[in-house]
Amino acid sequence: MKSESKLEKILNAGHFAVTGECGPPRGADPEAIRKKAKYLKGMVDMVNVTDNQTAVVRMSSWAGCLILIQEGLEPNYQMVCRDRNRLAMQSDILGAYSLGIKNILCLSGDHQRFGDHPGAKNVYDIDSMNLINMVKTMRDEGRFLSGAEITVPPKMFIGAAANPFGDPFEFRVHRLAKKVAAGADFIQTQCIYNMDKFKKWMAQARDMGLTEKVYILAGVTPMKSLGMARYMKNMVPGMDVPDEIIKRLRGVDKKRQADEGIRICVEQIQELREIDGVAGIHLMAIEWEQRVPEIVESAGLLPRPEV
């Protein structure tokens, strides 16, 4: 069975895709998401709604997805393995699809010790690899993990995440291959700053034939300041921020560092567009959504295709 996702139609048509991201609020106010949505509408083809990212309690991803649908945006329902067992996951997938959510991103989830409920119990009934395969089985075979038949299968476009920069580097492409084999239709990567290393990862993916089997969306995140760049370089596991970016941000006045971060992001997007096998970008401007129109326009990605 095929998905009815707009993102899938855009990718299948050969267009360079642009996806965005929206972090739900730490409260029940839908206006917090609507405010972000107005900056993303017409700028991106799909919007990820994070699922208690960094293990901090927020409005649920599926609820955020419904608000985005009301605002005329296509959402991507993020689901982490940390918080639910397989019964709850399959139930939520059916419910999400019944309400018009057509994309899902399957993730492991940040460990709860990093969040605001460090004493919470991890579930991890299944891992992200199993989750990908479970959604594929539900969609393509019309069966639950138990083998029982699904009356109306959820025809979702299945996404997964990849970090090209983790150690050991040589293993990263093989982990990607496992996710593709499990059933991922598209991949959104960790935010990319080390372009040379990313190009090596992409070359490995091409050599293994993976770019013929899955759509790879390269992650980009604009730097707001020198402090943010230093934090991401030194404190965020799996992040690779070259010294050249630190030096470039240090070389401008503090008031102009945000604008310089935008310029760097636009240059990165233009370089990513030239890499064989990159099907689009995933623009993560969390809590900086107001700068998304500027980035997308400056990168020459407007107007977005209609499908």
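The values are calculated or read from the model by the stated rules, or taken from the named source; none is laboratory data. Given the structure is predicted, the values throughout are model-derived calculations rather than measurements. Every residue, glycine as well, gets a Cβ built from its backbone with ideal geometry; the counts of neighbours run over all protein chains shown.
List of remarks:
- When segment 199-219 is filtered for residues that are free of Cβ contacts under 8 Å to residues at least 60 places away in the same chain, among the charged types (D, E, K, R) and either in a strand (DSSP E or B) or closer than 30 Å to residue 230 by Cα (or both), only 200 remains.
- Segment 102-114 residues that are under 11 Å from residue 81 (Cβ atoms) and among the small types (Gly, Ala, Ser), paired with ones that are assigned to a strand (DSSP E or B) and at pLDDT 90 or above (beta carbon under 8 Å, 6 or more apart): 108/80; 109/80
- Residue selection: residue 230 fails the criterion of being at pLDDT 95 or above, of a type in the set (Lys, Arg), within 25 Å of residue 25 (Cβ to Cβ) and in a helix (DSSP H, G or I).
- Meets criteria (at pLDDT 95 or above and assigned to a loop (DSSP other than H, G, I, E, B)) for residue 237: no
- Qualifying residue in segment 188-203 (condition: within 22 Å of residue 128 (Cβ to Cβ), aromatic (Phe, Trp, Tyr) and over 17 Å from the mean Cα position of the chain (by Cα)): yes
- Condition check for residue 91: more than 15 Å from the chain's Cα centre (by Cα), at pLDDT 95 or above, surrounded by fewer than 21 Cβ atoms within 10 Å (Cβ to Cβ) and part of a helix (DSSP H, G or I): yes
- Residue pairs whose Cβ atoms lie under 9 Å apart, separated by 6 or more positions or on different chains, with the first residue in segment 240-261 and touching a residue at least 60 places away in the same chain (Cβ under 8 Å) and the second assigned to a helix (DSSP H, G or I), are 240/197; 240/198; 240/233.
- Within segment 113-124, the set of residues being assigned to a loop (DSSP other than H, G, I, E, B) and either crowded, with 22+ Cβ neighbours inside 10 Å or at negative phi (or both) comprises 115, 116, 117, 118, 119, 120, 121, 122, 123.
- Taken over segment 1-31, the criterion of being of a type in the set (A, V, I, L, M, F, W, C) and either within 30 Å of residue 140 (Cα to Cα) or crowded, with 19+ Cβ neighbours inside 10 Å (or both) is satisfied by 1, 7, 10, 11, 13, 16, 17, 18, 22.
- Only listed residue being loosely packed, with under 15 Cβ neighbours inside 10 Å, of a type in the set (Lys, Arg) and either within 21 Å of the chain's Cα centre (by Cα) or more than 21 Å from residue 105 (Cα to Cα) (or both), chosen from 255, 224: 255
- Residue satisfying condition, being more than 26 Å from residue 191 (Cβ to Cβ), of a type in the set (Asp, Glu) and either in contact with a Pro (Cβ under 8 Å, 6 or more places away or on another chain) or surrounded by fewer than 20 Cβ atoms within 10 Å (Cβ to Cβ) (or both), within set 110, 167, 140, 127: 140
- Scanning segment 156-182 for residues that are assigned to a loop (DSSP other than H, G, I, E, B) and under 19 Å from the mean Cα position of the chain (by Cα) yields a count of 5.
- For segment 71-88, the tally of residues that are assigned to a helix (DSSP H, G or I) and touching a residue at least 24 places away in the same chain (Cβ under 8 Å) stands at 1.
- Test: residue in segment 191-198 that is surrounded by fewer than 21 Cβ atoms within 10 Å (Cβ to Cβ), at pLDDT 95 or above, on the phi > 0 side of the Ramachandran plot and not in a helix (DSSP H, G or I): no
- Top-ranked residue of segment 153-164 - restricted to ones that are touching a Leu at 6+ places or on another chain (Cβ under 8 Å), hydrophobic (A, V, I, L, M, F, W, C) and within 26 Å of residue 100 (Cβ to Cβ), ranked as surrounded by the fewest Cβ atoms within 10 Å (Cβ to Cβ): 161
- Residue check for residue 202: surrounded by 15 or more Cβ atoms within 10 Å (Cβ to Cβ) and within 30 Å of residue 137 (Cβ to Cβ): yes
- Condition met for residue 218 (surrounded by 17 or more Cβ atoms within 10 Å (Cβ to Cβ) and in contact with a His (Cβ under 8 Å, 6 or more places away or on another chain)): yes
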